[in-house]
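The values are calculated or read from the model by the stated rules, or taken from the named source; none is laboratory data. The model shown is predicted, which means the values in this text are computed figures rather than measured ones. Note that we place each Cβ from the backbone using ideal geometry, even for glycine, and neighbour counts take in every protein chain shown. Side chains are part of the model used for accessible areas, which takes the heavy atoms of the whole protein and leaves out ligands, DNA and RNA. Shrake-Rupley method; radii C 1.70, N 1.55, O 1.52, S 1.80 Å.
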Amino acid sequence: MNIYKNPFAIRASERIETDEMFLELFSSEPLVHLEEKNDQGKLWGCVTSILSSPGAGKTTLLRIFSPSILQRITERNSAYKKLKKLDVIDSERIKKCGVYLQLGRDYEFLEDDALFNEVEQKRVFLSLLNARIVLATLKSCMSLAGIKYTALDQITYSPEELVPEFGDFKAEFTGKELLDWAAEQERRICEFLDSFVMPDEGIQGSNSLFALKAMKASWFTYKGERLCDEFIFQIDDGHKLTKKQKKTIREEAVELRLPVTLWIAERLETLSTTDILSDKNIKDRDDQTIHLENAKKGIFNPMVKNISTLRSAFSTDGIILASALASDTTINYKALYNEASKKYQSQLEKLHNYDNYQECVAAINTQDPYERVLNMRALLMHASRQGSGGVMNLFGYTAQDLEWIVGPLMPMVKEVMPGEIAKLPQYYGFSTLIDLASQNVEQFLDLSAKMYELLVAKKISDPSHYVLTAEEQDGIIRGFAKNRLEDIKRLPRGNKIYGFLMHLIDFCREVTFTPSYSYRSVTGFAVKEENSGKWGKDGFWFQEEANDELSTILKDCLSYNFLMKQGITQGKKDQKWTIFYLNSWLCAYAHLPLERGGWRPLTLHKLNSWL
């Protein structure tokens, strides 16, 4: 086992070099996404788009299906049962195997109008993609057979249908012959892109994405034995393709109903505004869609707990992250509590029904600072709610009434009070760390790495006591949130996004931190999905020209995981609303409670005014 000083600092799947280490760190919960599609009969033999913002685990999910990983999975591995249920492996063999193709930016150059016309652009793109799919397939075959490329002549390709693109009309090809064909195709295209000089032999374009159909697993054998039953073609970083190129792939694979399994992993940022803002548009696509950050807590929370356990086991210092984060504060904040009690009492005295509570206030002022601030805040909450429509007590309350007044409100008081009292730690404990991840694995690892770094330093200073205090955790989280917010300005349209989010944060604080705390923690806003104006029943607000800039900013916020979207039906005639919630780290910046669910409707006019 490899040992690391800070195992939480290891990020992307592609940076985890060995297959053994990848399996040690892999948590099988994301496979639930595929199990759901499989149970619906919609996983195999079709196209599936795997969508997320950066760091949500797209590449990790693809990598578990690579032949070198599948060959190392045993019945003792947590992923084995799920993969067996998916009919990928059994105790004897690999049945389905990934063919992995990671895209680069070189495909963009194929759409240079100065080099190719539109027809040529498509033909050259398909030619390059076909060649690379053949090369990726041969790489998987080599891994399955346990050979190097020098032994590719021992792999036999026997197509049951003629494949004219390979030139010679032969009943059999060796793996070496396929390699030579694909390498030559790629060489011609890449040399032309590097030099702008057309090779003497020209470039053989393709009219179709034939390689997906031609690279059938059952047509490959090694020493007379089939290598596997089915290939899972995987295109990673699909967002690096142009819009035309992505459309071409969908036309070839989806609309023509090719009988292959193709998974395309891409970031949300390259989807259209309509695709991101309209759930209906996503659902109506011909291909299947998996949005990793839409995972339920029942999937995400166990996954990151498992990730934490697995990564802690890789530490040189033997520190278990989950048990090294204090879940309570041990510091006496007497001065802060006294100051806050006076503030709450001052707010209470300004209410028109204050006279009814004077005896209760007198009783509270005899209590110790912590009990006093809790009860004073609860009394303010109760009195504010009565003054806004509650049942009035005409004769006032006695000290004996205090317990039944404040008791039911105490959970809400403990929820809101840390955000109202400056310098009071608010975000600490392992469960809070999970909540702050907002369904994004990399966000969890970023925060965990910072926590772990300080834990290592503390253990060096005092090996017998190195738990992170509530105050230390809170400081790390607030610093993380502040730095990440500043980083937004570096993005395209970053200043616009930053300004919009700051307006939203101010709005959420204003409606959350009220004396009555009526809406509890408001961490989002909602807009009506359908526009009742010019677009009528079938139209959406983001289709209107006046909302173009707003639509673009919200699309960016969702793409980069600054906001999270949820659709609900509520109100007259089953009105559909789209709710946009702040990512939890933005809640931490705003000192908002992390309890999700509170939202308020906002008009498009108001939202546009924030731009």
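Looking at the chain, the DSSP beta bridges with both ends there are about 45 percent antiparallel. Within the same chain, lysines fewer than 8 places from Lys170 are excluded, and of the rest, those with a Cα less than 24 Å from its Cα are Lys139, Lys213, Lys216, Lys223. Across q = 0.16 Å⁻¹, the stretch 328-387 modelled as identical point scatterers on its alpha-carbon atoms has Debye log10 I(q)/I(0) values of -0.47, in the order of the q list.
When you count the other C-beta atoms within 10 angstrom of each residue and take the mean per peptide, 558-568, 141-151 line up highest first as 558-568, 141-151. Taking Lys and Arg as +1 and Asp and Glu as -1, the other residues whose beta-carbon sits under 11 Å from that of Val163 total -1. Once you reduce the stretch 429-466 and the stretch 295-364 to the center of their Cα atoms, the two points are 17 Å from each other. In order along the stretch 300-309, phi translates into HN-Hα couplings of 5, 4, x, 5, 6, 5, 5, 4, 4, 5 Hz, rounded to whole numbers, per the Karplus curve 6.51 cos²θ - 1.76 cosθ + 1.60 with θ = phi - 60° and x for Gly and Pro. Cross-link pairs exceeding 18 Å in C-alpha to C-alpha distance, out of Lys5/Lys482; Lys42/Lys85; Lys176/Lys240; Lys37/Lys81; Lys528/Lys606, comprise Lys5/Lys482; Lys176/Lys240. Scattering from the stretch 1-155 was approximated by placing one identical point on each alpha carbon and applying the Debye formula without solvent; log10 I(q)/I(0) at 0.09, 0.10, 0.13, 0.21 1/Å stands at -0.39, -0.48, -0.78, -1.44. Amide H contacts of Ser49 (H built 1.01 Å from N, in plane; Pro and chain starts excluded): Ile264, Gln288, Thr289, Ile290 sit under 5 Å, all sequence-distant by 5 or more or on other chains. All alpha carbon pair distances within the stretch 413-555 were sorted into 10 Å bins beginning at 0; the resulting P(r) in whole percents reads 9, 26, 32, 20, 9, 3, 1. In order along the stretch 222-237, the Karplus-derived 3J(HN,Hα) couplings, from 6.51 cos²θ - 1.76 cosθ + 1.60 at θ = phi - 60°, round to 10, 6, x, 10, 5, 7, 6, 8, 8, 9, 10, 6, 10, 10, 9, 6 Hz, and Gly and Pro are given as x. Near Val373: Cβ cut-off under 12 Å, other residues only, Lys/Arg at +1 and Asp/Glu at -1. The net charge is +2. Size descriptor for the stretch 49-114, Kirkwood hydrodynamic radius: 14.2 Å (Cα pairs only, one decimal).
For the stretch 499-524, the residues whose amide N sits under 17 Å from a probe point set 7 Å from the Cα of Leu611 along the beta carbon direction are 499-504. For Glu75 and Glu225, a Förster radius of 30 Å and the Cβ-Cβ distance give a FRET efficiency of 0.85, rounded to the nearest 0.05.
Ellipticity at 222 nm from helices only: DSSP H runs of n ≥ 4 in the chain, each -39500 (n - 2.57), divided by the residue count, give -13000 deg cm²/dmol.
Along the stretch 319-331 the Karplus relation, 6.51 cos²θ - 1.76 cosθ + 1.60 evaluated at θ = phi - 60°, assigns HN-Hα couplings of 8, 9, 4, 4, 8, 9, 10, 4, 9, 8, 9, 10, 8 Hz to successive residues, with x for each Gly and Pro.
Bridging of Lys414 to aspartates and glutamates at a Cα separation below 18 Å is possible for Asp328, Glu339, Asp368, Glu371, Glu403, Asp435, Glu471, Asp474, Glu595, once same-chain residues fewer than 8 apart are set aside. Solvent-accessible area per residue in the stretch 47-186 equals 46 Å², computed with a 1.4 angstrom probe and all protein chains kept. For the stretch 118-157, what does the alpha-carbon gyration tensor say about shape, rounded, prolate or oblate, given a ≥ b ≥ c as the root eigenvalues, a/c under 1.5 as rounded, and a/b over b/c as prolate? Prolate, because a/c is 1.5 or more and a/b exceeds b/c. Using 1/(1 + (r/R0)^6) with R0 = 25 angstrom and r between the beta carbons of Lys414 and Asn338, what's the FRET efficiency to the nearest 0.05? Approximately 0.90, to the nearest 0.05.
The angle between the Cα long axis of helix 470-487 and the main principal axis of the chain comes to about 60°, on a 0 to 90 degree scale. Look at the alpha carbon pairs under 8 Å that are at least 6 residues apart: their mean separation over the length of the chain gives a relative contact order of 16 percent.
Each principal axis of the Cα atoms in the stretch 293-405 has its own extent, and those three values, largest first, are 65, 36, 23 angstrom. What the Cα atoms of the stretch 77-202 give is an Rg and a Dmax of 18.0, 55 Å.
In this calculation the C-beta distance from Glu255 to Glu36 is compared with R0 = 35 Å, giving a FRET efficiency of 0.90.
What does the charge count near Leu227 come to, summing +1 for each Lys or Arg and -1 for each Asp or Glu among other residues with Cβ under 13 Å from its Cβ?
Working: positive: Arg93, Lys95, Lys96, Lys139, Lys216, Lys223, Arg226; negative: Glu225, Asp229, Glu230.
Net charge around Leu227: +4.
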